[in-house]
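These notes concern the structure reproduced below.
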Amino acid sequence: MSRPDIAVTGIGMLTPAGTDTETTWKGVRAGKPTAATAPHLTGLPVDFCCSLPFVDIPAALGRRTAHRLNRATQLALMAAKEALQDAGLDHTTWDGTRVGVVIGGALSGTDIWETQYLLMREAGPRHVSPLVIPMIAPSTAAGEVAIAFQAQGPSLVAATACASGATAIALARDLLASGQCDIVIAGGTESCNTPLIATGLAQLGTLSKRCDDPAAASRPFDQARDGFVMAEAAAVLILERATDAAARGHRPRALLAGFGSTTDAHHPIACHPEGRGAEQALRNALADAGLTPYDVGHVNTHGTSTLLNDAVEARAIRAVLPHGPLVNSTKGVLGHAMAAAGAVEACLTILSLQHGVVPATANLDDPDPAFDLNFVTKTPAHQRVSTALSNSFGFGGHNVVLAFRAP
């Protein structure tokens with residue numbers, strides 16, 4: 001079936017490396033890890049994470065708006081605002097009935113759950129905020145973005161664990177291709193570096209335990225990897241049909257060529273040990289985009305720094321892309337922002353296409369010899385590529401691969 005080309009006309013990001021796209025890109029290129037000991041996690045089995053630099057949220061959103069939102073929703077609004085500015089779009093002049101919103105979320109709102117429950121236990125029910133339900137509802141981020149920018153088309157939340165941000169972008173493509181929307185605000189947001197989530201993930205055995213050296217903890221594809229590092233972030237992309245972007249004289253940052261989505265149907269947490277779902281998602285993305293494996297010059301991996309995930313992903317990449325495209329993971333710098341990760345990494349993949357630079361994988365000092373891949377290590381690779389893939393995999397066996405190409 002013939003589909004219109006889908007353009008990415010704007011991006012916005014807030015990550016541990018920076019509170020906008022430019023500073024995030026500079027931080028990721030510099031390759032300096034952001035993981036650090038967090039005072040609010042003191043005494044827990046894992047007491048470090050990747051947190052955003054200071055950002056004055058009330059100044060950015062208004063004090064009243066900021067007060068009634070959980071942190072993940074605050075970040076989503078700020079990222080969406082930057083993305084719309086980047087796209088050159090003014091929401092006060094558009095037909096909001098033709099604008100959709102799809103935001104990926106997973107554990108966001110846990111900051112409110114924890115603080116409000118403790119307040120109820122310690123001070124009594126009268127002290128619980130009357131806003132607690134809208135503050136913790138999974139639909140909040142998408143709904144608030146829609147309100148802020150008067151987007152009256154479909155408003156959806158994608159919840160596929162750590163693939164949520166990528167799933168949101170894939171759904172946005174379909175809303176545009178089907179003609180339901182002319183513009184879609186899509187991405188992911190996450191802020192759950194809380195004591196309960198940190199403890200739960202540590203009990204699950206997924207977090208790195210390098211409390212003595214947090215900066216060295218996230219080590220994607222390294223022999224010494226021992227788990228991921230929690231992070232918070234938000235990233236939003238503006239997607240339109242390429243013909244519409246051209247008609248208003250806006251050059252896109254990249255084209256979303258296609259995507260592949262599969263489910264392992266194997267285990268609630270662990271990915272399939274043979275990587276069948278991941279491999280099929282890669283193949284599906286290529287087929288959807290009308291590409292051959294040899295068209296791909298770069299893969300931005302999910303690359304979490306866990307033993308099984310990295311092994312399975314490396315195996316899938318090698319099976320589908322035997323020619324050795326440039327491979328990296330940005331989680332060595334940024335940590336794992338879970339529901340936001342796929343959207344953040346989609347933006348970084350687009351920036352790599354734009355600038356002809358693939359950032360190095362931080363802390364990949366000794367690549368696992370079982371992985372025969374063309375890793376970018378130590379310094380960024382300055383190489384122009386026309387097509388790149390961004391991989392995202394999540395608990396529950398969710399696999400999403402996005403294919404981007406230069407416009």
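Taken together, the residues in region 369-405 that are in contact with a strand residue (DSSP E or B) (Cβ under 7 Å, 6 or more places away or on another chain), free of Cβ contacts under 8 Å to residues at least 60 places away in the same chain and small (Gly, Ala, Ser) amount to 1.
From the list 23, 42, 34, the lone residue that is free of Cβ contacts under 8 Å to residues at least 24 places away in the same chain and under 23 Å from residue 329 (Cβ atoms) is 23.
Of the helices (runs of 4 or more DSSP H) lying entirely inside region 106-170, the ones with 1 or more residues being among the hydroxyl-bearing types (Ser, Thr, Tyr) are found at 110-123, 140-148. Test residue 164 against the stated conditions and say whether it is polar (S, T, N, Q) and either over 18 Å from residue 74 (Cα atoms) or modelled with pLDDT of 95 or more (or both). Yes; evaluated as a whole, the condition is true for this residue. If you filter region 30-43 down to residues that are out of contact with any Asp or Glu (no Cβ under 7 Å at 6 or more places or on another chain) and of a type in the set (S, T, N, Q), you find that the one that is surrounded by the fewest Cβ atoms within 10 Å (Cβ to Cβ) is 42. Just one of (1) closer than 22 Å to residue 407 by Cβ; (2) touching a residue at least 60 places away in the same chain (Cβ under 8 Å) fails for residue 232. It is (1). Residues in region 157-175 that are small (Gly, Ala, Ser) and touching a helix residue (DSSP H, G or I) at 6+ places or on another chain (Cβ under 6 Å): 5 in all. Of the residues in region 309-331, not one is crowded, with 24+ Cβ neighbours inside 10 Å, among the hydrophobic types (A, V, I, L, M, F, W, C) and either without any contact (Cβ under 8 Å) to a residue 24 or more places away in the chain or closer than 18 Å to residue 24 by Cβ (or both). Within region 384-406, can one find any residue that is among the β-branched types (Val, Ile, Thr), closer than 26 Å to residue 35 by Cβ, touching a Lys or Arg at 6+ places or on another chain (Cβ under 7 Å) and outside the structural domain of residue 232 (by TED's automatic domain parsing)? The answer is no, given that none of the residues of region 384-406 is among the β-branched types (Val, Ile, Thr), closer than 26 Å to residue 35 by Cβ, touching a Lys or Arg at 6+ places or on another chain (Cβ under 7 Å) and outside the structural domain of residue 232 (by TED's automatic domain parsing). Within region 44-70, if we keep just the residues that are within 12 Å of residue 14 (Cα to Cα) and out of contact with any strand residue (DSSP E or B) (no Cβ under 9 Å at 6 or more places or on another chain), the residue that is surrounded by the fewest Cβ atoms within 10 Å (Cβ to Cβ) turns out to be 54.
Within region 49-63, restricting attention to residues that are part of a helix (DSSP H, G or I) and free of Cβ contacts under 8 Å to residues at least 12 places away in the same chain, which residue is farthest from residue 115 (Cα to Cα)? Once the filter is applied, the top-ranked residue is 59. Suppose we keep only residues that are surrounded by 10 or more Cβ atoms within 10 Å (Cβ to Cβ) and of a type in the set (Asp, Glu) within region 102-126. Which one would you say is farthest from residue 80 (Cα to Cα)? Top of the filtered list is 114. So is residue 345 more than 11 Å from residue 221 (Cα to Cα), touching a residue at least 40 places away in the same chain (Cβ under 8 Å), in contact with a Ser or Thr (Cβ under 9 Å, 6 or more places away or on another chain) and charged (D, E, K, R) or not? Taking the combined requirement at face value, the residue satisfies it.
Annotation: of all residues in region 293-328 being of a type in the set (Ser, Thr, Tyr) and out of contact with any helix residue (DSSP H, G or I) (no Cβ under 8 Å at 6 or more places or on another chain), the one that is nearest to residue 371 (Cα to Cα) is 306. There is at least one residue in region 228-238 that is among the aromatic types (Phe, Trp, Tyr), under 30 Å from residue 114 (Cα atoms) and touching a strand residue (DSSP E or B) at 6+ places or on another chain (Cβ under 6 Å). Kindly check whether there is at least one residue in region 7-18 that is touching a strand residue (DSSP E or B) at 6+ places or on another chain (Cβ under 7 Å), under 21 Å from residue 144 (Cβ atoms), of a type outside the set (Phe, Trp, Tyr) and not in a strand (DSSP E or B). No; the residues of region 7-18 include none that is touching a strand residue (DSSP E or B) at 6+ places or on another chain (Cβ under 7 Å), under 21 Å from residue 144 (Cβ atoms), of a type outside the set (Phe, Trp, Tyr) and not in a strand (DSSP E or B).
Please determine whether any residue of region 264-284 is acidic (Asp, Glu) and at pLDDT 95 or above. Looking through region 264-284, at least one residue is acidic (Asp, Glu) and at pLDDT 95 or above.
The set of residues from region 64-91 being without any contact (Cβ under 8 Å) to a residue 24 or more places away in the chain and either assigned by TED's automatic domain parsing to the domain that holds residue 344 or part of a loop (DSSP other than H, G, I, E, B) (or both) comprises just one member, 90.
From the list 90, 20, the one residue that fits, being surrounded by fewer than 16 Cβ atoms within 10 Å (Cβ to Cβ) and farther than 25 Å from residue 198 by Cα, is 90.
The values are calculated or read from the model by the stated rules, or taken from the named source; none is laboratory data. In this text the structure is predicted, and so the values were computed from the model without any measurement. Note that each Cβ is placed from the backbone with ideal geometry, even for glycine, and that neighbours are counted across all protein chains shown.
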